[in-house]
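These notes are about the structure you will find just below.
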Amino acid sequence: MSLGPRDQTKLARIVQLAREIELTWPSGNRHSDVDQSSNPRYQELKREIAACTDAETESLSRLTKAAAHLHDQVSLAHFFACLVPFERLSSRALRDDEFLVEEGDGGDKVADRVPLKLIVENLRSAFNVGALFRTSECLGISEILLCGYTPGPDDDKTMRTAMGTAAMVPWRRVDRTRTACEELRKEGYKIVALETAANAVSLHDFKFTAAPLAFVLGNERFGLEGDTLQAVDAVCRIPVRGIKNSMNVGVAFGITAFEWLRQYEAKL
C-alpha cells in the first residue's frame, strides 16, 4: 500500500488532530461521554474525515464512514475505536527506515566496546541480519563475523533494517563457521551457541563466567550445522512456554546478549 502526497497530507492532519484532542481530553472514566460540540479541533476532525471521500487511495476513502460514528457526545474509548484504523494506516504508510530517530543518540562512536563478538551462520533473511546489526550496535559489541551465505550490509534490505548502524559495527566475512570459531578461540574467546539442542543449558541457569565471549547463531529454519555444534564450548537456550520451541533469531540474540551484558557489568 502506498499513499500519494495528497492522501499522506490528509492522513497526517487527521492523526495530528486526533492526538491533540486526546491530550486535552478531560480526566475521568474513559467510558463516560464528553460533550465535544464546542471543541473546534473535534469538529475539524470530523470534517477532515468526511472529506476523505475524494481520497485517491481506496484504503483511505473507505475510512470515511468513521465520521458518522464520531458523535458530539462521545467517550474516550469510543473515540479511540474510531481513530485506530487511521493510526494503523498511517503506520503502514511509512517504513522504519523513513524515520531514523537520532534524538538522544550518544555521540559519534562507542566509548568502550565490550568483549563480545557474534558469529552468524547461514541466515537467509537480510532483515534478520539488519536487526542483529542494530542490536549489536546498542550493545557495543566488538565484531560480527558473517559465515556461509549470510547477507551482509551490502544488501539493501540489511541496510534498511539496520537503521544506520551497519557502518558503526566492525564486521567481516569468514567462509566457514568452524573456522571463525577456531580463530576466535585462539584469541581467547569462549564460544557459546544459541540453539535448542538436547545439551543446551537454560539461559536462566547459564553463568557467563568467561570473557571475552562469542555467540553463534544459525539458520532460521535448520539451526546450526552439526560440525558447528561440535566446535563450540557450550550451548545455551531460551526457555519458552508456548508451542513453538524457539524465537526469531534477532529476538533471541537480543535477550541472550543483554543477559550476558548484565552479568558482565556486574563483575566490573
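Nothing in this text is a laboratory measurement; each read-out follows from the coordinates by a stated rule. Because the structure is predicted, anything quoted here is derived from the model rather than measured. No Cβ is skipped: glycine too gets one built from the backbone with ideal geometry, and neighbour counts run over all protein chains shown.
Available extension along the chain between ALA198 and SER37 is 51.5 nm, counting 0.36 nm per residue and deducting the alpha carbon span. As a proxy for reagent exposure, ranking THR196, THR209 by other Cβ atoms within 10 Å from fewest up yields THR209, THR196. Taking Cα extents along the principal axes in Å as calculated from this structure, the corresponding entry among (1) 73, 41, 39; (2) 87, 45, 37; (3) 60, 51, 36 is (1). Could you work out how much longer the chain between ALA167 and ALA211 gets when fully extended? Use 0.36 nm per residue separation minus the Cα distance between them, nm to one decimal. Between ALA167 and ALA211, full extension yields 13.3 nm more. For the listed peptides 114-121, 218-225, a ranking on the average number of other beta carbons within 10 Å per residue, highest first, reads 114-121, 218-225.
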